[in-house]
1. Whether any residue in region 333-348 is under 21 Å from R261 (Cα atoms), at pLDDT below 90 and either more than 26 Å from the chain's Cα centre (by Cα) or not in a loop (DSSP other than H, G, I, E, B) (or both) is what I want to check.
2. Consider G82 carefully, then state whether it is assigned to a helix (DSSP H, G or I), at pLDDT 80 or above, not aromatic (F, W, Y) and not assigned by TED's automatic domain parsing to the domain that holds Y253.
3. For A266, state whether it is within 29 Å of S191 (Cβ to Cβ) and small (G, A, S).
4. Can you go through G198, G166, G213, G185 and tell me which one is at positive phi and out of contact with any helix residue (DSSP H, G or I) (no Cβ under 6 Å at 6 or more places or on another chain)?
5. Of all residues in region 339-352, which are over 17 Å from N276 (Cβ atoms), surrounded by 15 or more Cβ atoms within 10 Å (Cβ to Cβ) and in contact with a Leu (Cβ under 9 Å, 6 or more places away or on another chain)?
6. Take the conditions out of contact with any Leu (no Cβ under 7 Å at 6 or more places or on another chain) and either among the hydroxyl-bearing types (S, T, Y) or more than 30 Å from A202 (Cβ to Cβ) (or both) and apply them to D328. Does it pass?
7. Is it fair to say I42 is modelled with pLDDT of 75 or more, over 23 Å from L160 (Cα atoms) and assigned to a helix (DSSP H, G or I)?
8. Find all pairs meeting these conditions: Cβ atoms under 8 angstrom apart; at least six residues apart or on different chains; first residue within region 278-302 and without any contact (Cβ under 8 Å) to a residue 60 or more places away in the chain; second residue in a strand (DSSP E or B) and surrounded by fewer than 13 Cβ atoms within 10 Å (Cβ to Cβ).
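The values are calculated or read from the model by the stated rules, or taken from the named source; none is laboratory data. None of these values were measured; they are calculated from a predicted model. Heads up, the Cβs are rebuilt from the backbone with ideal geometry, glycines too, and the neighbour counts pull from every protein chain shown.
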Amino acid sequence: MVVGDGAEARSPCPDRDVVWFFANLILTLEDFHGGAWLGEWIAELRRASDEAGASAALDPAGGRFLRRMGYVKSLSELGEFGGQFTEYVAKAASRPPRQIGALINLFARGDPTLGKKPVCGATPVCQSKDGGRCGLSRDCDHYNRPRSPVLPEGAPSERLVDGLAGTLSDAEVLAVALFGDKGAGDEPPVSSLFERYGRLRAIFGAEAREYRGMREVKPAQALRLAAFAELHRRVLREKRGAVLRIASAKDFYDRYAAELRDYNAAAVLVLMDRGNNVIRDVWYRDQLQHVARLELSDLLRPVVRESAPRLALVHNHPSGDPTPSPADKDFTRRLKSACGIFGLSLVDHVVIAENGYFSFEEEGLLGAL
């Protein structure tokens, strides 16, 4: 099969192998997302396609997947070959081409309504730290030749606007923000910022005057950094304000995780009414060494002042492991006892970390204390 400007791509396999490709694509998606959900998703796709005549075109993520499989050599070949490939698989598997294209896109970029990452996303599941293989590993160039990975093509700015942000390093993203389409990630200001702060969260957590004190950072760049940092803080506050009623420990996680991760040690006391609607957040982050060092009187003072009948405590574990320490458990026991004296209800104590969260209430520990 000829693709693009006469460049030859790998010809599709015989029909039985294309059917194998389709079958394993389906099986892998069922393993990751569940057969019932996938069936409903396909049924909804069919209804929407009948009404709107949906396209079978592959997006950039789908093109990246075909490149890893070895069907195309570069994204520039995708325009013509993507349509030919979906038509070929659709004919062999007796499925509508638009369904094939949508399944490949789902496999490559996931679905925003799901909590799971795509199988073959920016980091394919076969190369992730958790390991694992998908049903297409047998014919995947990326899996079978891991020493020769397909490198991202194009400048960072080009990949960013092409929907390939996942292929950019943190340094490249920051370089594009500071230098526009000329940013590459190895500029002295970018290198100096990462040497000094280590990661993006720390960079954007710094105060504006710190940027101005760096010799490599020019005043205009310091101004941009200060603006980015402020936008970052405002987005976090906006996200925090989106969850007003707490129904589960995950609501605490969704509301506070992003902001808590910006600190080495931080805690937030959540004041709620009897319907678990958030009344106020009280943050403890300046010079906080450990949540167990908090004074119970400091915690309960704003609760009494606001006449809040219910409260919860959320704090972070910078180690990445949300498992509560003995000190966390002892502090929770003392806090629950103090709440009982004042007639207050301790709804939960949630520990948040990079690897998820731990809820004393959901794990049945709150009632046992």
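1. Taking region 333-348 first, the residues under 21 Å from R261 (Cα atoms) are 348.
Filter again for at pLDDT below 90, leaving none.
Scanning region 333-348, I find no residue that is under 21 Å from R261 (Cα atoms), at pLDDT below 90 and either more than 26 Å from the chain's Cα centre (by Cα) or not in a loop (DSSP other than H, G, I, E, B) (or both), so the answer is no.
2. Details: assigned to a helix (DSSP H, G or I): yes; at pLDDT 80 or above: no; not aromatic (F, W, Y): yes; not assigned by TED's automatic domain parsing to the domain that holds Y253: yes.
For G82, the condition - assigned to a helix (DSSP H, G or I), at pLDDT 80 or above, not aromatic (F, W, Y) and not assigned by TED's automatic domain parsing to the domain that holds Y253 - is not met.
3. Numbers: within 29 Å of S191 (Cβ to Cβ): yes; small (G, A, S): yes.
Yes: the conditions hold for A266.
4. Values: G166 fails: at positive phi; G213 fails: at positive phi; G185 fails: out of contact with any helix residue (DSSP H, G or I) (no Cβ under 6 Å at 6 or more places or on another chain).
Just one listed residue meets the conditions, G198.
5. I352
6. Numbers: out of contact with any Leu (no Cβ under 7 Å at 6 or more places or on another chain): yes; either among the hydroxyl-bearing types (S, T, Y) or more than 30 Å from A202 (Cβ to Cβ) (or both): no.
The answer is no for D328.
7. On the way: modelled with pLDDT of 75 or more: yes; over 23 Å from L160 (Cα atoms): yes; assigned to a helix (DSSP H, G or I): yes.
Spelling it out, I42 is indeed modelled with pLDDT of 75 or more, over 23 Å from L160 (Cα atoms) and assigned to a helix (DSSP H, G or I).
8. V278/R245
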